[in-house]
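Shown next, in structure tokens, is the structure this report addresses.
The values are calculated or read from the model by the stated rules, or taken from the named source; none is laboratory data. The structure displayed is predicted, hence computed values, not measured ones. We place every Cβ from the backbone using ideal geometry, glycine too, and count neighbours over all the protein chains shown. SASA here: full protein model, heavy atoms, side chains in, ligands and nucleic acids out. Shrake-Rupley method; radii C 1.70, N 1.55, O 1.52, S 1.80 Å.
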Amino acid sequence: MFYGTSLSSRLMLGTAQYPSPAILRQAITASGAEVITVSLRREGRDGAAFRDILAGSGCRLLPNTAGCHSVREAVTTAEMARELFGTSWIKLEVIGHADTLQPDPFALVEAARILSADGFEVFPYTTEDLIVGEKLLEAGCRVLMPWGAPIGSGQGLRNIGGLRSMRAHFPDIPLVIDAGIGAPSQAMLAMEMGFDAVLLNTAVAKAADPVAMAAAFGQAVAAGQVAFNAGLMPSRDMAAASTPIFGLAELVP
Amino acid sequence: MISVLGEGVAALCAATALSARGLAVELVVPQGSPPPASRLAGGMLAPFCEGELAPDIVVERGQAAADWWQQQAGGVERRGTLVVAAPRDRGELERFARATRGHRWVEPEGLEAELAGRFARGLFFESEAHMDPCAALARLRSRLIENGVAIHDGAPSGQIVDCRGLAARDRLPDLRAVRGEMLEVLAPDVMLTRPVRLLHPRFPCYIVPRGAGRYMIGATMVESARPGGVTARAVMELLSAAYTVHPAFAEAEVILTGAGLRPAFPDNIPAIRREAGRLHLNGMYRHGFLMAPVLAEELAGMLTRELVDAH
């Protein structure tokens, strides 16, 4: 449950950088995503035409504060998003470094505290750091969004051990892998590890065929979720034949 | 009489194609019309590069543009397009090569000596061209006047061909604005002879030589109908991208900044539409100079046949 909302598709799709809004809409449909993110910082209030296209998709909108570098920018953008989209959901990004786009955890926690107190339901884009995660929960967040890798890098899950620890440390908190996913196999791995959802944008938007890639990610995320729920077998050091060797017929010519 | 509304690239191409078929044409520019977005265009005739994002129909049909412009306005420079990326963005170049055709791998310094030592590899789209878009529009306009086409702000008196760009949103509800921001600089220390595109995951740019040391640097793409001048962010991004291409751009004189609203349909493909008895040529998006000629010819052909059939 993400702030009381249950989602059957666990793929969340970003809406930037597509060849056209028409292709974006087809990609959303092909992916099966029920939540799409939308940025506001640069487009401002005058992006109504594009917002209407997104609203027409029927998906739940998760506005974000992409491009914000300070607490005040992020809070202002979140307030504008709530007013324009009529939702208290906000994907909170406070960027700490213009080149690596990594989150600024200190500003993130502060902004999360202000927004949570103001009634927002905050989806914070964070690192896999456990202490930052705890501070975000303390600030009022009920979902955490650790990165897989830097935004748009397509590197996949760069710190698998750290992400496993995070999953184990916050067993009851919905955890969404956000950013850095480049291939469906990486999204599936995140789901197989027990993460609750995957959020991505560039890997679909910049594919040669975004609609086909959206479908591939939808299937991968669904497969990973089913696999996790089905219970993956542990890996073993030795071979373990699936057919017993004793009693095999001895076929002598 | 055919009344073409507007004065941007779509309107001037439509009026030119109609007039060339011997049809009576007037150009109607209502008072208070916003200046056309095409005055800020790059003027690149680059169908293959546009194929990175644009569908095949733009790549295929856009190839006719260079000949059309040369014939109607002259001034087309056929020197191709050079595409480069910073060493750490090599992957962008590979991706661009896969997404496009009509190119070959080159050492950029072989084409543009000024880029020596800066880029090890680039893509060369040899068949592409560029021109000065404002000069070309002025030439079409004066040729229309020479050919007896009236330009006025009164009431249209014939079949309407609506080429008003974004102002036609009152009749085309799915038309939207995609804001674009550009700069023009005077950089006499830079000697580039053809359009150069810099690929970058966040701040791509293109640089189009305008002659006599002038360069156009463009252009942002923002899903917004915000009017008003360029943002500081756009200037920073465009100039830092240009600086990556050639450090001497840091010493350039900024002689013009411009922000305009591109009219676009949901599929970003320019189109002819017929709504309530009027023809629309609209949704030029970032393909006005590439697609307006071919669509104008198509529209003129349609209207000529209809007029013949009506008699």
Check your understanding: Got a number for residues in segment B:248-261 being away from chain A (no Cβ under 11 Å), open to solvent by 20 Å² or more (accessible area, probe 1.4 Å) and within 23 Å of residue B:288 (Cβ to Cβ)?
Key -> 4
Check your understanding: Within segment A:195-207, restricting attention to residues that are of a type in the set (Gly, Ala, Ser) and open to solvent by 10 Å² or more (accessible area, probe 1.4 Å), which residue is modelled with the lowest pLDDT?
Key -> A:207
Exercise for review: Check off (1) in contact with a helix residue (DSSP H, G or I) (Cβ under 6 Å, 6 or more places away or on another chain); (2) without any contact (Cβ under 8 Å) to a residue 60 or more places away in the chain for residue A:204 and give me the number that stays unchecked.
Suggested key: (2)
**Study point:** Which listed residue, of B:187, B:276, is in contact (Cβ under 8 Å) with a residue 60 or more places away in the chain, hydrophobic (A, V, I, L, M, F, W, C) and buried (at least 22 other Cβ atoms within 10 Å of the Cβ)
**Key:** B:187
Review point. Out of B:8, B:22, which single residue is of a type outside the set (Val, Ile, Thr), touching a Gly at 6+ places or on another chain (Cβ under 6 Å) and over 30 Å from residue A:205 (Cα atoms)?
Key: B:8
Exercise for review: Evaluate segment B:40-63: report whether one residue or more is open to solvent by less than 20 Å² (accessible area, probe 1.4 Å) and aromatic (Phe, Trp, Tyr).
Suggested key: no
Exercise for review: Enumerate the strands (runs of 3 or more DSSP E) found wholly within segment B:104-162, keeping only those where 1 or more residues are open to solvent by less than 80 Å² (accessible area, probe 1.4 Å) and under 30 Å from residue B:1 (Cβ atoms).
Suggested key: B:150-152, B:159-162
**Study point:** Matching residues in segment A:75-111 - criterion: being open to solvent by 60 Å² or more (accessible area, probe 1.4 Å) and not in a loop (DSSP other than H, G, I, E, B)
**Key:** A:76, A:79, A:82, A:83, A:106, A:110
Review point. Out of (1) open to solvent by less than 10 Å² (accessible area, probe 1.4 Å); (2) modelled with pLDDT of 95 or more; (3) within 20 Å of residue B:84 (Cα to Cα), what's the single condition that is false for residue B:245?
Key: (2)
Exercise for review: Quick one: which residue in A:166, A:145 is within 19 Å of the chain's Cα centre (by Cα) and either over 28 Å from residue A:217 (Cα atoms) or in a helix (DSSP H, G or I) (or both)?
Suggested key: A:166
Check your understanding: For residues in segment A:63-74 being part of a helix (DSSP H, G or I) and touching a helix residue (DSSP H, G or I) at 6+ places or on another chain (Cβ under 8 Å), which is surrounded by the most Cβ atoms within 10 Å (Cβ to Cβ)?
Key -> A:74
Review point. Does at least one position in segment B:198-220 carry a residue that is within 14 Å of chain A (Cβ to nearest Cβ), within 27 Å of residue B:79 (Cβ to Cβ), under 15 Å from the mean Cα position of the chain (by Cα) and touching a residue at least 12 places away in the same chain (Cβ under 8 Å)?
Key: yes
Check your understanding: Which residue out of A:30, A:81, A:48 is under 21 Å from the mean Cα position of the chain (by Cα) and over 21 Å from residue A:210 (Cβ atoms)?
Key -> A:81
Practice item. Could you tell me whether segment B:9-29 includes any residue that is touching a Pro at 6+ places or on another chain (Cβ under 6 Å), part of a loop (DSSP other than H, G, I, E, B), open to solvent by 10 Å² or more (accessible area, probe 1.4 Å) and in the same structural domain as residue B:156 (by TED's automatic domain parsing)? Key: no
